[in-house]
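Report on the structure given below.
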Amino acid sequence: MIVSLLRDLIEIQTVNPPGKDYETIVNYLKDLFSGLGFKTELITIPEEYIDKNYIYSPQHKGYKRVMLIIKNSREPLLHFNFHYDVVPPGDNWITEPFKLKIIDNKAFGRGTSDMKGAIVSLYLALSRFNETPIEIAFVPDEESGGIGSKYLTEEIGIKPKEVIFGEPSFPNIYIGHYGIIRGVIKVFGKQVHASMANEGVNAFLEASKFALKLNEELSKKYNINLGGYTINSSNNDGIVPGFFAFSYYRAISPNEEKLFDKEIVDTVSKELGINYEFEIKSAIPGYISKESDLTKQLEYCVKSVLNINPEKLVSSLRYDAIFYKDSVSVNFGPGDPKQAHIVNEYIELKNIEKTSLVYECLLREKIKSFKNT
């Protein structure tokens, strides 16, 4: 069952951007979990909300953003938040990224670790034990800043007391996460005909010099990624580009107040004589959970199932806990965090089963504690 479910999920190419096959996967999950007796609700995020919040706009045009809410009680004790979107696969895979391939008990495919394997773990747990009142949100666009969870909590107004995420963490527990600042640095030149290049200023070359020097300076202090995507004013080799833009992505520690180090960027721009603008697309702070019964129960279950003492860590990978501001949120998932977003992403099949046992244990502990109150 693990392989067949995971294969189905991986073959639904929920790539973000632009947001492919979202309706296909929520309908698949709706049918899957309805078979366990859950009531389901589909929520479509309005187009104007996406226009305002989607960092890759307008690539989302023509693709609906749909989330699926399933529950077995009007008063759930526990809320699960799992995203179903995946990042683009990239090149040089040893397998086809959207065709599940099993090699030495490792399942290769985009989204196996981050985080469709966790969806399989949760389904397995609930197929064995479905007595705990719970609610599950399957959300889109975690990979573009958490638009689904943001809409769910801020616009729909869902406010659970306790939340479990399934981001790749195995075998440890995440009690918090870093934040992210995302933006675009736009470098200006002078557009001319390519045959008169000496009379223009090539914004691509200017941006290249700028990016290299910025990376050298900023990486002394931060984990930073420049140029994940670029924007060219011309997209024509007969034109010297008048502007060239590249993306700026930096992780933010939960206690960090300064999001954009403008002083360093300004110093480099003046040194190189670069004319630039910086546009912040998204700035999401980090999150750390307070100690809670949920954390203790999850830690107990990981110890019981895996026979280890898990570490309680703050993840360098941002996830959507920050949007559940009034909740206690912890994370445990079957994937390896080092597999997130890489080429040849895989998950160990045995960890999907082990995580399902951890989830089942947690569900039993939660109902047990409720009955004892």
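So how many residues does region 5-43 have that are in a strand (DSSP E or B) and under 19 Å from the mean Cα position of the chain (by Cα)? Lay out the reasoning, then the answer.
If we filter region 5-43 for residues that are in a strand (DSSP E or B), which is where we start, we get 15, 39-43.
Narrowing the set further to residues that are under 19 Å from the mean Cα position of the chain (by Cα) leaves 15.
Number satisfying all stated conditions: 1.
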**Request:** Taking the residues in region 236-265 that are surrounded by 13 or more Cβ atoms within 10 Å (Cβ to Cβ) and of a type in the set (Asp, Glu) as candidates, determine which candidate is nearest to Ala194 (Cα to Cα).
**Result:** Asp261
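Just checking, which of Gly148, Gly183 is in contact with a Ser or Thr (Cβ under 8 Å, 6 or more places away or on another chain) and either assigned to a strand (DSSP E or B) or at pLDDT 95 or above (or both)?
Values: Gly148 fails: in contact with a Ser or Thr (Cβ under 8 Å, 6 or more places away or on another chain).
After ruling out the rest, the residue left standing is Gly183.
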**Prompt:** Residues of region 120-164 being touching a Leu at 6+ places or on another chain (Cβ under 7 Å), more than 29 Å from Lys52 (Cα to Cα) and open to solvent by less than 10 Å² (accessible area, probe 1.4 Å), which ones?
**Reply:** Val120, Ala125, Leu126, Thr132, Ile134
**Fill in**
Checked region 8-39 for anything on the phi > 0 side of the Ramachandran plot, surrounded by 13 or more Cβ atoms within 10 Å (Cβ to Cβ) and in contact (Cβ under 8 Å) with a residue 12 or more places away in the chain; matches are Gly19
**The one condition in (1) closer than 29 Å to Glu11 by Cα; (2) part of a loop (DSSP other than H, G, I, E, B); (3) in contact with an Asp or Glu (Cβ under 6 Å, 6 or more places away or on another chain); (4) open to solvent by 10 Å² or more (accessible area, probe 1.4 Å) that Pro168 fails to fulfil** = (4)
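Residue by residue, here is whether (1) small (Gly, Ala, Ser); (2) open to solvent by 60 Å² or more (accessible area, probe 1.4 Å); (3) under 27 Å from Leu349 (Cβ atoms) holds:
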{"position": "Asp51", "(1), (2), (3)": "no, yes, no"}
{"position": "Val66", "(1), (2), (3)": "no, no, no"}
{"position": "Leu78", "(1), (2), (3)": "no, no, yes"}
{"position": "Tyr84", "(1), (2), (3)": "no, no, yes"}
{"position": "Asn92", "(1), (2), (3)": "no, yes, yes"}
{"position": "Thr95", "(1), (2), (3)": "no, no, yes"}
{"position": "Lys101", "(1), (2), (3)": "no, yes, yes"}
{"position": "Asp104", "(1), (2), (3)": "no, yes, yes"}
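Filter region 75-96 down to residues that are more than 18 Å from Tyr151 (Cα to Cα), in contact (Cβ under 8 Å) with a residue 24 or more places away in the chain and assigned to a loop (DSSP other than H, G, I, E, B), then give me how many there are. Can you show your working first?
Of all residues in region 75-96, those more than 18 Å from Tyr151 (Cα to Cα) come to 75-78, 86-96.
Checking which are in contact (Cβ under 8 Å) with a residue 24 or more places away in the chain leaves us with 75-78, 86-95.
Pick out the ones that are also assigned to a loop (DSSP other than H, G, I, E, B) and you get 75-77, 87-95.
Result for region 75-96: 12.
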**Complete:** The condition of being under 24 Å from Asn255 (Cα atoms), of a type in the set (Val, Ile, Thr) and crowded, with 22+ Cβ neighbours inside 10 Å holds, among Ile175, Ile185, only for Ile175
**Prompt:** Of the conditions (1) open to solvent by less than 70 Å² (accessible area, probe 1.4 Å); (2) at negative phi; (3) in contact (Cβ under 8 Å) with a residue 12 or more places away in the chain, Leu42 fails just one. Which one is it?
**Reply:** (1)
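The values are calculated or read from the model by the stated rules, or taken from the named source; none is laboratory data. Quick caveat: nothing in here was measured; it's all calculated off a predicted structure. Reconstructed Cβ throughout: ideal geometry from the backbone, glycine too, with neighbour counts over all protein chains shown. Remember, those area values only see protein heavy atoms, side chains included, never the ligands or the DNA or RNA. Shrake-Rupley method; radii C 1.70, N 1.55, O 1.52, S 1.80 Å.
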